[in-house]
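Just so it is clear, none of the values below were taken in a lab; they were calculated from the coordinates. The structure presented is a predicted model; accordingly, all values stated were derived computationally and were not measured. Heads up, the Cβs are rebuilt from the backbone with ideal geometry, glycines too, and the neighbour counts pull from every protein chain shown.
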Amino acid sequence: MKTIDDFDFENKKALIRVDFNVPLNETFEVTDANRIEAAKPTIIKVLEDGGSAVLMSHLGRPKGQKNADLSLQHIAKKVSDVIGVSVKFIEDCVGQVAEDAVAALKRGEVLLLENLRFHAEEEKGDEAFAEQLSKLGDVYVNDAFGTAHRAHASTTIVAQFFPDNKCFGYLLAKEIEAIEKVMRTGEKPVLAILGGAKVSSKITIIENILDKVDHLIVGGGMTYTFIKAQGGKVGDSICEDDKMDLAMNILKQAKEKGVQVHIPVDVLAANDFANDAETKVVDVNEIPDGWQGLDAGPKTLENFKEVILKAKTILWNGPVGVFEMESFAKGTIAVGNFIDEATQNGAFSLVGGGDSVAAVKQFGFEKKVSYVSTGGGAMLESLEGKTLPGIAAIIG
Ligand code: AMP
């Protein structure tokens, strides 16, 4: 795996694909600079070597049209503040103006290109457009994990114009290493905690992960499809009747592969999908009609605790309850605390994909787990076992 550390950027121009798709407020100020902070080490390495950095990103969904609201000019000041170097901005990402701006760039300088998605060719993965981009640097660096699952011009296609001069930035390299740890090289026992609303959205992940893990915790709304499939009464809980065969098949496969599956034994049930609903703890197989399971119960959490504290490698994807409502967030918070404890005892823990990252941030577990992935869709596809085009383009 070639990373940015394999290159010396002295007098070189690095064309860096970053993910600066950051939120802006009504007056176009950056309200969360995490993604800019995340790209900083890569940019600094290039500058400290004595090179210059050409930054390219998308922002929002302009759908191939120029859109002043989505100009990357809005974020140039923030990028300057974060990296501590005054950033130049150029009002296009290809063509003569961009090429001239790059040619004028001196060592130690940083140039931010205009939103890639103002050109429809970007998302189409257009080769001629990618070739134009390739004129803007000596070395191509991909540091945008959030778009690594897209075969866009700037994330994938452009790499072919840098056969020997392409590499991963620090952020993307860290993401790849974290996934590798869970999927291949992690210390045993390896545990996956999969929650969230539906079996159907997690099925490919579960099937792929069964070959990699020793333990699987199933939580959240998915639970009830498994319970009903085994003959339990789930009341009004979320349940995908058409996925019950699939659930049984997963359990069978898990048994054949020697994976221990842990499913809730009790739940916090509510008489309405509302924070102020009446609640009671019930056996997971005996949820009365008119009631729905919205969080893990106390016995379940005891069981989960035991499994989590024994694990040496942990993947967490999906909350174990409706964490958005305070009344049903306790299970997800407890799981976060158990993972925190396991991590302090030396386990490697990765949180990634969709809502689990939101939950982790909301409850302040971000600094307590080993790694929080920055890419929702890209992480989900990695867990499904897919090779991401943006990664393949650098390795291949
Ligand atoms: P996902 O994006 O698949 O990880 O699903 C996350 C969503 O699952 C969150 O919005 C949770 O509120 C929801 N969820 C978790 N547990 C339950 C449950 N028992 N019933 C309904 N929704 C749930």
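Once Lys and Arg get +1 and Asp and Glu get -1 on their Cβ, which of G60, S71, Q96 lies farthest toward the positive end of the dipole of the stretch 28-97?
The listed residue farthest towards the positive side: G60.
For the stretch 4-168, give the magnitude of the charge dipole about the Cα centre (Cβ charges: +1 Lys/Arg, -1 Asp/Glu; no others), in debye to the nearest 20.
So the magnitude is around 200 debye.
Quick one: dipole size for the stretch 175-383, taken about the Cα centre, charges +1 on Lys/Arg Cβ and -1 on Asp/Glu Cβ, in debye to the nearest 20.
The dipole magnitude comes to about 700 debye.
What value, in deg cm²/dmol to 500, does the helix sum -39500 (n - 2.57) over DSSP H runs of n ≥ 4 give at 222 nm once divided by the residues of the chain?
-10500 deg cm²/dmol
How large is the convex hull of the C-alpha atoms of the stretch 248-329 per residue, in Å³?
Taking the convex hull of the Cα positions in the stretch 248-329, it is 116 Å³ per residue.
Over the alpha carbons of the chain, what is the largest minus smallest coordinate on each principal axis, giving the biggest first in Å?
Largest first, the chain extends 71, 43, 38 Å along its Cα principal axes.
Using the Kirkwood radius built from alpha carbon pairs, what does the Stokes-Einstein equation give as D for the stretch 1-158 at 37 °C and 0.692 mPa s, in µm² per second?
The estimated diffusion coefficient comes to 214 µm²/s.
Using a cut-off of 14 Å between alpha-carbon atoms, which aspartates and glutamates can reach K252, once sequence neighbours fewer than 8 places away in the same chain are excluded?
In chain and number order, the partners are E207, D211.
Please order F89, F168, F145, F304 by the number of other Cβ within 10 Å, starting at the fewest.
In order of increasing Cβ crowding within 10 Å: F89, F304, F168, F145.
Can you count the Lys pairs in the stretch 108-218 whose Cα atoms are under 27 Å apart, with each pair 8 or more apart or on different chains?
15
Size of the dipole of the chain about the Cα centre, Lys and Arg at +1 and Asp and Glu at -1 on the beta carbon, nothing else charged, in debye to 20?
700
Within the stretch 23-96, how many Lys pairs sit with Cα atoms under 24 Å apart, leaving out pairs fewer than 8 places apart on the same chain?
Value for the stretch 23-96: 11.
Which ordering of T387, T31, T313, T343 is given by a fewest-first count of other beta-carbon atoms within 10 Å?
Ordered from fewest to most neighbouring Cβ atoms within 10 Å, T387, T31, T313, T343 come out as T31, T387, T343, T313.
If each residue's Cβ is checked for other Cβ atoms within 10 Å, how do R35, R17 rank with the fewest at the top?
Ordered by Cβ neighbours within 10 Å, fewest first: R35, R17.
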